[in-house]
Amino acid sequence: MSLIISDILDHLHINDTNEAFSTSSNWGSSPEAEVKEIFSPTDGKKIASVKFATADEYNSVVETAAKAFKTWRSIPAPKRGEIVRQIGEQLRANKKELGTLVSYEMGKSLQEGYGEVQEMIDICDFAVGLSRQLYGLSMHSERPSHRMYEQYHPLGIVGVISAFNFPVAVWSWNAALAWVCGDVCIWKPSEKTPLTAIACQHIAQQVFKANNIDEGVSCLIIGGREIGELMANDTRVPLVSATGSTRMGKAVSAAVGARLGKSLLELGGNNAIIISEQADLDMSLIGAVFGAVGTAGQRCTSTRRLIIHESVYDAFKQKLVNAYKQIKIGNPLDENNHMGPLIDQDAVSLYLASIEKCKAEGGNFVVEGGKLEGDAYASGCYVKPCIAEVENHYEIVQHETFAPILYLIKYKTLEEAIELQNSVPQGLSSAIMTQNLREAETFLSAAGSDCGIANVNIGTSGAEIGGAFGGEKETGGGRESGSDAWKVYMRRQTNTINYSKTLPLAQGIKFDL
Ligand code: NAD
């Protein structure tokens, strides 16, 4: 295993001391730069050391990006799309290695690591087509011989702050779109997963270099929340796209809002599946279990709550208990395992504390949780997925615990189920399992789910890049990825052209000299 990992690290240019860089210039060499060791949650071994940036280095990265913007914005959008196409090709060529590193550094299953890289490839493909479709509207002017239309221009520097759980895909959702829109990006990945970010930066930079494009179009800056705070307060960064906890989003939103900048927020979820009395229970089981234990419950779209009709509650609970006995937990690089570790030991402590809190509030655990011990779990990051019967109003249930804890809640009527589903502060993903058209359409109606994502006969977890992705309420209201999410990366300009020989004013106002 370790030999394969070392080959992969070599292939992706991950060395023992990675001097995290912005472009070809090496800013990681500052004597003040703090060096941090990065360990894998899968086996607890050190992967590499990374230099974290100082505030001065942050400033020089912003200057590098600002300079690159001046040339990048003038390159025609379809030509920018061609560069993104080539980045997609490089991701295809490196899918296995990058996917494996995602799995090793973050701890998600190998299949999910590959899937994350596939998402990057998909968004590149999407962005290539988009580069020829950055449409504005044209409208009829009320004045004779006038033409009025709107067009979209790039914003400038897009700051991307990303979370550990999708260490590379979130960057690509932002960067691929921002680049075809003519923006340049500065990426601050999670301090917990910097190595996959360095690997991506290498891949992108090879393409920019081969095309003689200023490498400042894609900047990387490794650091903790202080670097994110600098970005949020920086007037040179017109758009900050931040993915992470609601706590982080509130801080970023306040800082960006105070300077009247734009923010795109993708924050925590507290996602529920309603299991109707008319659900296909076998299908529902797969959706619920994958949603709850996939990525060890560390997806923003993970299923946290099951709202189950009273008539099928006991039968479905029994199916879940049986299914949880089959779940194999262990090294995520072993494809026989369903579930890998949590990201670190702090996450394990939070998981254990949440279980205790749930019990104190009255939760009844039908599948017990706990930390796993033994050689196979030597990193100290492996836990058991667990299930508790609860009431929706418990404080712990209202809160997103980023771990495989699944809550069961009983309902009598669909209206009550929708009310329960909506009665949490977050609004990311939701689903109903039903074969009844009336139930499905009610759930999708204005009186139904209040989430950004509402599915029928699909779980809450995962999404295709073609749709706009994001959620309401404490999830932050942002939309990324497909549909018309690109508009947030551009500024809209309305143009009116007078080709007459007079200067008529709008609303018929007379002003003669
Ligand atoms: P986190 O909030 O701890 O950190 C996310 C990023 O924000 C990191 O890069 C971190 O350095 C930075 N950061 C933290 N505080 C900051 C501040 N005050 N100012 C600027 N930057 C700051 O989140 P995490 O633990 O890495 O990720 C898990 C969270 O992310 C969960 O809540 C999950 O639901 C959420 N998430 C949401 C989505 C989505 O699309 N809605 C996707 C992935 C993850």
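The values are calculated or read from the model by the stated rules, or taken from the named source; none is laboratory data. This is a predicted model, so every value here is computed, not measured. Note that each Cβ is placed from the backbone with ideal geometry, even for glycine, and that neighbours are counted across all protein chains shown. These accessible areas exclude ligands, DNA and RNA; they are computed on the full protein's heavy atoms, side chains included. Shrake-Rupley method; radii C 1.70, N 1.55, O 1.52, S 1.80 Å.
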Over region 214-287, volume per residue of the alpha carbon convex hull, in Å³
167
Roughly what % antiparallel, to the nearest 5, for the DSSP beta bridges in region 136-257?
20
Give me the net charge for the shell around V102: Cβ to Cβ below 9 angstrom, other residues only, Lys and Arg +1, Asp and Glu -1.
-2
Using C-alpha positions alone, give me the convex hull volume of the chain per residue in cubic angstrom.
171
Kindly provide the GluC sites (Glu not before Pro) of region 96-189 that DSSP labels as loop, not H, G, I, E or B, and whose Cβ sees at most 16 other Cβ atoms within 10 Å.
E142
Rounded to the nearest 0.05, what FRET efficiency do Q133 and N457 have when you use their Cβ-Cβ distance and R0 = 25 Å?
0.20
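Indicate, rounded to the nearest 5 percent, the antiparallel portion of the DSSP beta bridges found entirely in region 377-474.
Taking every DSSP beta bridge within region 377-474, about 20 percent pair in antiparallel fashion.
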What percent antiparallel are the DSSP beta bridges of the chain, to the nearest 5?
40
Using unit Cβ charges (K, R positive; D, E negative) and no other charged atoms, how large, in debye to the nearest 20, is the dipole of the chain about its Cα centre?
1580
Between region 62-121 and region 230-266, what's the alpha-carbon centroid distance in Å?
23
Assuming R0 = 56 Å, what is the FRET efficiency of E416 and K96, from their Cβ-Cβ distance, to the nearest 0.05?
0.75
Checked against a 25 Å limit on the C-alpha separation, the offending pairs among K108/K250; K45/K384; K45/K325 are K108/K250; K45/K325
How large is the dipole of region 401-513 about the Cα centre if only Lys and Arg carry +1 and Asp and Glu carry -1, each at its Cβ, rounded to the nearest 20 debye?
540
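What does the charge count near S302 come to, summing +1 for each Lys or Arg and -1 for each Asp or Glu among other residues with Cβ under 13 Å from its Cβ?
+2
With the Cα gyration tensor of region 68-198 in hand, convert its eigenvalues to equivalent ellipsoid semi-axes via √(5λ) and list them largest first in whole Å. It would help to have the intermediate numbers written out before the result.
Values: eigenvalues 244, 43, 31 Å².
Output for region 68-198: semi-axes of 35, 15, 13 Å.
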Set of aspartates and glutamates with alpha-carbon distance to K95 below 19 Å, sequence-local pairs under 8 removed:
D7, D10, E105, E112, E116, E119, D122, D125, D334, E335, E464
So which helices of the chain fit the span-like rule, where a helix is a whole DSSP H run, its Cα atoms reach 15 Å or more along the axis, and its mean Kyte-Doolittle is at least 1.6?
281-293
Placing +1 on the Cβ of each Lys and Arg and -1 on the Cβ of each Asp and Glu in the chain, which of I327, Q90, L267 has its Cα farthest towards the positive end of the resulting dipole?
Q90
Rounded, prolate or oblate for region 57-104? Axes are the square roots of the Cα gyration tensor eigenvalues, ordered a ≥ b ≥ c, and the cut-off for rounded is a/c under 1.5.
oblate
Longest to shortest principal axis, alpha-carbon extents of region 275-425, angstrom:
47, 31, 24
Which one, L239, C200, L437, is farthest towards the positive end of the dipole of the chain when Lys and Arg carry +1 and Asp and Glu -1 on their Cβ?
L239
How much of the pair distance distribution for region 378-436 lies past 20 Å, counting alpha-carbon pairs only, in percent?
35
With the Cα gyration tensor of region 382-513 in hand, give its eigenvalues times 5 under a square root as the equivalent ellipsoid semi-axes, listed largest first in whole angstrom.
47, 18, 15
Using the structure shown, select from K51/K473; K46/K262; K51/K209; K328/K357; K487/K510; K70/K192 the pairs with a Cα to Cα distance greater than 28 angstrom.
K51/K473; K46/K262; K487/K510; K70/K192
Around E419, with a cut-off of 12 angstrom between Cβ atoms, what is the net charge of the other residues, counting Lys and Arg +1 and Asp and Glu -1?
-2
Backbone N under 17 Å from the I509 label point (7 Å along Cα→Cβ), restricted to region 128-148:
142-144
At a 1.4 Å probe radius, carbon and sulfur cover how many percent of the accessible area of region 250-312?
60
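Tell me, what is the per residue accessible area of the chain in Å², probe radius 1.4 Å?
With all protein chains present, the chain gives 42 Å² per residue.
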